[in-house]
1. How much area per residue is accessible in the chain when the probe is 1.4 Å and only protein heavy atoms are counted (Å²)?
2. Suppose every Lys and Arg Cβ carries +1 and every Asp and Glu Cβ carries -1, with no other charges. What dipole size does the chain come out with about its Cα centre, to the nearest 20 debye?
3. Given the options 100, 60, 137, state which has the largest fluctuation in a GNM of the chain using a 10 Å cut-off (strictly under) for Cα springs.
4. How long are the semi-axes of the equivalent ellipsoid of the range 58-127, defined as square roots of 5 times the Cα gyration tensor eigenvalues? Whole Å, largest first.
5. Taking square-rooted eigenvalues a ≥ b ≥ c of the alpha carbon gyration tensor, is the range 55-183 rounded, prolate or oblate, where a/c under 1.5 means rounded and, failing that, a/b exceeding b/c means prolate?
6. Between the alpha-carbon centers of the range 64-99 and the range 137-179, tell me the distance in whole angstrom.
7. May I ask for the equivalent-ellipsoid semi-axes of the range 95-140, computed as the square root of five times each C-alpha gyration tensor eigenvalue and listed largest first in whole Å?
8. For the chain, what % of the accessible area comes from carbon and sulfur atoms, probe 1.4 Å?
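The values are calculated or read from the model by the stated rules, or taken from the named source; none is laboratory data. The structure displayed is predicted, hence computed values, not measured ones. Note that each Cβ is placed from the backbone with ideal geometry, even for glycine, and that neighbours are counted across all protein chains shown. Just the protein is used for accessible areas: all its heavy atoms, side chains included, with ligands, DNA and RNA removed. Shrake-Rupley method; radii C 1.70, N 1.55, O 1.52, S 1.80 Å.
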Amino acid sequence: MTPSAQSTQPRRSDATRAAILRAARERFAADGYERATIRAIAGDAQIDPSMVMRYYGSKEGLFAAAAEFDLRLPDLTSVPPAHLGEVLVRHFLARWEGDETLVALLRAASTNPGAAERMRVIFADQLTAAVATFGSEPTLTARRAGLVASQILGLAFTRYIVRLPPMVDTPPDELVSWIAPTLQRYLTGTPPG
């Protein structure tokens, strides 16, 4: 086989990776992150479990690669500017409460570099695009989105991962009352300096 013919054919490793990702997506969806095992995923992909570890390093790395995440951010252009912080806090609380994959990704991101990168990309791309609808220049837009992400991820980490009692025990409406003004300032406030 000529080198050019070899480059046009898919490599076996590409097919193996695709089979692993397909099996992982199905298994994580069916069993959830905690109950899904590397052994079960490898069995579904009809490969040895060591191959999963070879390509993805860990369950967390596989999860970060396999799971598809959409923050499902609301269209902020239809939100009155004075209510942006409130709308975003309510939205994120609803997303975290109703989606164990986001909680699993946050848990994995705290210890796995691949999962952390996935979380960075999700928040940078999706949140920055939503904040960009306000029309500020790109550097300020990125800064505003980063500040919002820091607040939201901190809330999620303390409420869903660490399960800090005051955060877990606080009703969502009260959390909105506390956090919305901070997000509002990040989104619409005048930058310092």
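1. Values: 10720 Å² over 193 residues.
On a per-residue basis, the chain sits at 56 Å².
2. Details: 21 positive and 20 negative charges, 117 e Å.
Dipole of the chain, to the nearest 20 debye: 560 debye.
3. 137
4. Numbers: eigenvalues 139, 27, 17 Å².
Taking √(5λ) for each Cα gyration eigenvalue gives 26, 12, 9 Å.
5. Oblate.
6. After rounding, the separation between the Cα centres reads 12 Å.
7. On the way: eigenvalues 122, 39, 7 Å².
Over the Cα atoms of the range 95-140, the semi-axes work out to 25, 14, 6 Å.
8. Working: 5940 of 10720 Å².
On the chain, the fraction of accessible area on carbon and sulfur atoms equals 55 percent.
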